[in-house]
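Since the structure comes first, as C-alpha cells, the remarks are kept for the end.
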Number of protein chains: 2
Amino acid sequence: MEKRLEQKHRALLEEAERQSIAPTDNIRACFELLALTGAIDRDCAVRLARHRLSEGKFVLMFLLHDKPDGLSPHELAARAGVTRATITGLLDGLERDGFIARRAGLDDRRKIAVILTPVGQEMASDLFREHAQWVASLFEGFTVNERKTLSGLLQRVWRNLDAANRRLGPDVDGSG
Amino acid sequence: MEKRLEQKHRALLEEAERQSIAPTDNIRACFELLALTGAIDRDCAVRLARHRLSEGKFVLMFLLHDKPDGLSPHELAARAGVTRATITGLLDGLERDGFIARRAGLDDRRKIAVILTPVGQEMASDLFREHAQWVASLFEGFTVNERKTLSGLLQRVWRNLDAANRRLGPDVDGSG
DNA sequence: GCCATATAATATGGTGCCTAATTTTCGTCA
DNA sequence: TGACGAAAATTAGGCACCATATTATATGGC
C-alpha cells in the first residue's frame, strides 16, 4: 500500500481510469489528500476518546479554558463554527461527564454561562498541550520552504474549489 | 482571510502561539490541510445532496453500478470501508428513494443481493461522470511535478502520523 | 436428526452534526 | 402596561457513523 487510499476512493479511481472520463492523476491526488486528513481525523478522535472527549467537545473545553466567567452557548457556537443546537448536545455530554457546568446568566437571563469545572480545567490544560504537540509533530522535519510549498499548492486547490462552486451557480438550493 | 482556517483551528493556533508550547508553523500547516479537505467534503456533500444522496450512498451506488447481479451488504461494507450496520441504514434510505432493491439470495438465503433499479442505474452513471470531473477539476493546472511534490509531502505526514501512533503504544484500547 | 458454532442481516442505542420549530426572555414602541 | 419582534437556548427529528445485541440461516460433528 505505497500510496494510501481508502477502499471507496480506490474503487472510484480505478473506474475513472477504466472509463478515462477525467484526468486520473488529478483524482488520485485529491484522494491522497482526503485519505490523509481522514486518517488524521480518525487518530485525533482516538486520542481524544481516551479522555471521553470528541473533537467538538475538546474545542469547547479549549475555548473555555481561560474564561473564568465562562461563555454563552451562543458564543461557543460562533467560535467553534457549529450551530447552537449542536453546542447544546455537546454541552449535555460535557456536563454529564463533569467537565463543565451551566450557570444562569446574571444580566441577561436568556443567556447562560458555561464554565469549566476544576476537573475540566485540569483536563483542558493537559489535553491542549498534548494535542498541540501531536498536531505539530505531524509536520516534524518539514523545512520552512516545504511548508510554504505545501501551503501554496493547497491554496491553488482552494481556488479551483471556488471556481467549481461558481460554475455550479450561486442558486444551489433549487428544490428540483 | 488569506490563509483559510476554520474558527476552531484559528483559536487553537493562537493559543499555541501565546503559550509557545509547540512549533506553531507546523500547527498552522496541519490546520490548513484540515480546513481544505473539510471544505472539499462540505462541497461534495452539497453536490450530492442535490440528488438526495450522501457520500456514503454515492459510494454504494457506484459500487453497484456495474454489478447486474448485485452485491451483498457484507461485500458493500468491505468495499466501502464501513460496518455492515451502517450499510443497512444507507440501504434503507436508498431503497426508500427508489435507487436500489433488495433481492433474496439464491444459494445462501442469509445473503441478500442489492441491485440498482433502472432509476438508480441512470443516476449512478450520470453522477459518477459528474463527480469524477469535479474531483479532477480540483487539481486543474497542476503539473506532474507539482502533483509529485504534493504527494511526497503528504507521504511524509503519513510517516509522522504513524510514528506518533507508535509512540502512543499499540495497546490503545485500555479502558482507563 | 440435532446441537454448537459461525456468518448474514438487522435492531438498538449512542455520538456528533445538521435544520426547523419552540420556549423563554429581552427591548422597544405605542 | 401590553403587544411585538429579536435573540438565546432548547427540543424534535433527521443523517451517518459506530459497537453491541438479536434473529435467521448454514455447516460440521456426533
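At-a-glance table
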read-out: Dipole moment magnitude, nearest 20 debye, the protein assembly as shown about Cα centre, only Lys, Arg, Asp, Glu C-beta charged; value: 180 debye
read-out: GNM result for chain B, Cα springs below 10 Å: residue of B:124, B:45, B:136 fluctuating most strongly; value: B:136
read-out: Gap separating the Cα centres of the range A:92-169 and the range B:3-75, nearest whole Å; value: 15 Å
read-out: Spherically averaged projected area in nm², based on the convex hull that wraps the Cα atoms of chain A; value: 15.3 nm²
read-out: Expected-Rg normalisation [2.2 N^0.38 Å, Cα atoms] applied to the range B:55-133; value: 1.02
read-out: Cβ-Cβ FRET estimate between residue A:67 and residue A:46, R0 fixed at 35 Å, reported to 0.05; value: 0.80
read-out: Placed amide H near residue A:71: partners under 5 Å, 5+ positions off or other chain; value: A:114
read-out: Top positive-direction residue, dipole computed over the range A:1-50 with Cβ charges, set A:24, A:37, A:13; value: A:37
read-out: Modelled FRET efficiency - R0 35 Å, residue B:74 with residue A:101, Cβ distances, 0.05 increments; value: 0.15
read-out: FRET efficiency, residue A:145 to residue B:162 (Cβ-Cβ, R0 25 Å, nearest 0.05); value: 0.55
read-out: Amide H within-cut-off set for residue B:100, under 5 Å, with H built and near neighbours excluded; value: B:95, B:117
read-out: In the protein assembly as shown, lysine pairs closer than 18 Å at Cα, eight or more apart or cross-chain; value: 11
read-out: Helical segments meeting 15 Å axial Cα length and Kyte-Doolittle -1.0 threshold in chain A (DSSP H); value: A:24-49, A:84-96, A:118-137, A:144-168
read-out: Shape of the range A:1-87, Cα gyration tensor, a/c cut at 1.5; value: prolate
read-out: Descending semi-axes in Å of the protein assembly as shown, equivalent ellipsoid built from Cα gyration tensor; value: 37, 26, 21
read-out: Cα-based Rg and Dmax for the range A:8-49, where Dmax is the largest Cα-Cα distance (Å); value: 13.4, 42
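We did not get these values from a lab; they are worked out from the coordinates using the rules stated. For clarity, every value in this text was computed on a predicted model and none was experimentally measured. Please note: Cβ atoms are built from the backbone with ideal geometry, for glycine as well, and neighbour counts cover all protein chains shown.
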